[in-house]
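Just below is one structure, and these are the notes that go with it.
The values are calculated or read from the model by the stated rules, or taken from the named source; none is laboratory data. Model, not experiment: these values are computed from the prediction. FYI the Cβ positions are ideal-geometry reconstructions off the backbone, even for glycines, and counts take in every protein chain you see. Ligands, DNA and RNA are stripped out before the accessible areas are found, and what is left, the full protein with its side chains, is counted by its heavy atoms. Shrake-Rupley method; radii C 1.70, N 1.55, O 1.52, S 1.80 Å.
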Amino acid sequence: MPATMLPAAKPRMSSAELDAQLAPFHIDRTKYPMLVVGVRGYYRDTMGAPGVNDRGIYDDAIFLYTPSVLAAYNGNTDPSRVKKGRGTGAAKGMASLNPGAYFVHRFDLHNGKYLALCQRAGDVTVTRDGDPPYADTGAFGINIHKGGYTGTSSLGCQTIHPDQWDSFITLAQDQAKRYLGPNWKKTIVPYVLIDRGAS
């Protein structure tokens, strides 16, 4: 794995800082006690090209946030590569999830193989690579799943470094069972994507 693919430390953010970032979304934390939050461009100026949110490296942050836990992980919120295209068919461009709050994820099997947080309950909006880039809304399987060692393993998904994945999904299950109850697998876990790279 290239030395520049993973930062030297996990991201850091206090609950007060994260609450301030989440405030514009007005999420009812009583109804949704468990959130996953992605911060695109968290390491924008310390990894890859200066001032640019790069693809193919773990330069973003993903947080698991509940009333009792704020856990941080090195993640990726971008597709692994650029693939320009057009339209919404086979020739479509690679997808990047647009920033925002999405109430569409729940626990399910990623590609039928292992437990992850999967886009199962509604549409998301992405920006696809193209000349110019263009918006597309739909059910694209923008899941939160395990990344790879030699790449971020993303066609638009949100991925977590494989050395940290087991910790993430184990803690996520524990917190879901605690706060979402016996129907935790069927309950929505909101995902909020914040774009620090645009600031």
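Miscellaneous remarks
- Matching option when the condition is among the hydroxyl-bearing types (Ser, Thr, Tyr) and over 26 Å from ASN53 (Cα atoms), among THR159, THR152, THR170: THR170
- The selection criterion, being within 20 Å of LEU171 (Cβ to Cβ), surrounded by fewer than 16 Cβ atoms within 10 Å (Cβ to Cβ) and without any contact (Cβ under 8 Å) to a residue 24 or more places away in the chain, does not hold for ALA23.
- Extreme residue, modelled with the lowest pLDDT, among residues of segment 183-199 that are under 30 Å from PRO50 (Cα atoms) and either among the charged types (D, E, K, R) or part of a helix (DSSP H, G or I) (or both): ALA198
To keep it simple, each residue is scored yes or no on (1) farther than 30 Å from THR150 by Cβ; (2) under 19 Å from the mean Cα position of the chain (by Cα); (3) of a type in the set (D, E, K, R); (4) crowded, with 17+ Cβ neighbours inside 10 Å.
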| site | (1), (2), (3), (4) |
| --- | --- |
| PRO7 | no, yes, no, yes |
| SER15 | yes, yes, no, no |
| ASP28 | yes, no, yes, no |
| MET34 | yes, yes, no, yes |
| VAL37 | no, yes, no, yes |
| TYR42 | no, yes, no, yes |
| VAL52 | no, yes, no, no |
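- Subset of segment 14-45 [among the hydrophobic types (A, V, I, L, M, F, W, C) and under 22 Å from SER96 (Cβ atoms)]: LEU22, PHE25, LEU35, VAL36, VAL37, VAL39
- When the residues of segment 104-127 are filtered to those that are assigned to a loop (DSSP other than H, G, I, E, B) and not basic (Lys, Arg), the one that is surrounded by the fewest Cβ atoms within 10 Å (Cβ to Cβ) is GLY112.
- Index of the failed condition, GLY93 passing every other in (1) among the small types (Gly, Ala, Ser); (2) part of a strand (DSSP E or B); (3) more than 15 Å from the chain's Cα centre (by Cα); (4) surrounded by 22 or more Cβ atoms within 10 Å (Cβ to Cβ): (2)
- Selection status of ARG86, in a loop (DSSP other than H, G, I, E, B) and either modelled with pLDDT under 95 or not small (Gly, Ala, Ser) (or both): yes
- The residue that is farthest from ARG196 (Cα to Cα), counting only those in segment 54-64 that are aliphatic (A, V, I, L, M) and either touching a Leu at 6+ places or on another chain (Cβ under 9 Å) or open to solvent by 40 Å² or more (accessible area, probe 1.4 Å) (or both), is LEU64.
- Residue check, THR46 touching a Phe, Trp or Tyr at 6+ places or on another chain (Cβ under 8 Å), free of Cβ contacts under 8 Å to residues at least 40 places away in the same chain and open to solvent by 30 Å² or more (accessible area, probe 1.4 Å): no
- Restricting attention to segment 128-165, the residues that are under 30 Å from ALA8 (Cβ atoms), β-branched (Val, Ile, Thr) and either touching a Leu at 6+ places or on another chain (Cβ under 7 Å) or open to solvent by 30 Å² or more (accessible area, probe 1.4 Å) (or both) total 3.
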